[in-house]
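Notes for the one structure printed next.
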Amino acid sequence: MAPGSRTALVTVTLPPGSTLQDAQRRLGLADDEVDAGYGLVSIDPARNLFALMVTEEAGSRIKGLPGTQGPYANPRIHPFGPARPDDECGDGDDDTTG
């Protein structure tokens, strides 16, 4: 998927143990229409329901296919205002241990 592509989430019913490639074949999706980093996520194993992130165009195209739901919006989330030094995480410099 091209960086910066607008995306949507879709759900699909697939057999247990399915892979992202299985979902692509079932939905007729090319590699550049799917976010491989997001992958295929099992969201309801009892119902064999999986989620994947696709381009908005692909989501519109597969809308209404049997066993699919969506596309669902995937808005970009941005921080409000400039970053503050005291809000940064993961630097390993935690002064709370004394």
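The values are calculated or read from the model by the stated rules, or taken from the named source; none is laboratory data. The structure displayed is predicted, hence computed values, not measured ones. Here the Cβ is made from the backbone with ideal geometry for all residues, glycine too, and neighbour counts use every protein chain on show. Each accessible area value is taken on the protein alone, full model and side chains, heavy atoms only, with ligands, DNA and RNA left out. Shrake-Rupley method; radii C 1.70, N 1.55, O 1.52, S 1.80 Å.
Annotation: per residue accessible area for region 1-80 equals 62 Å², rounded to a whole number [probe 1.4 Å, protein chains only].
A simple spin-label model places pseudo-atoms 7 Å from Cα toward Cβ; at R25 and R61 they are separated by 1.9 nm. With the simple spin-label model, which puts each label point 7 Å out from Cα in the Cβ direction, the D32 to F80 separation comes to 3.8 nm. A probe of 1.4 angstrom, applied to the heavy atoms of all protein chains, finds F50 with accessible area near 20 square angstrom. Where the alpha-carbon atoms of region 45-86 are placed on the principal axes, they occupy 49, 28, 10 Å, in descending order.
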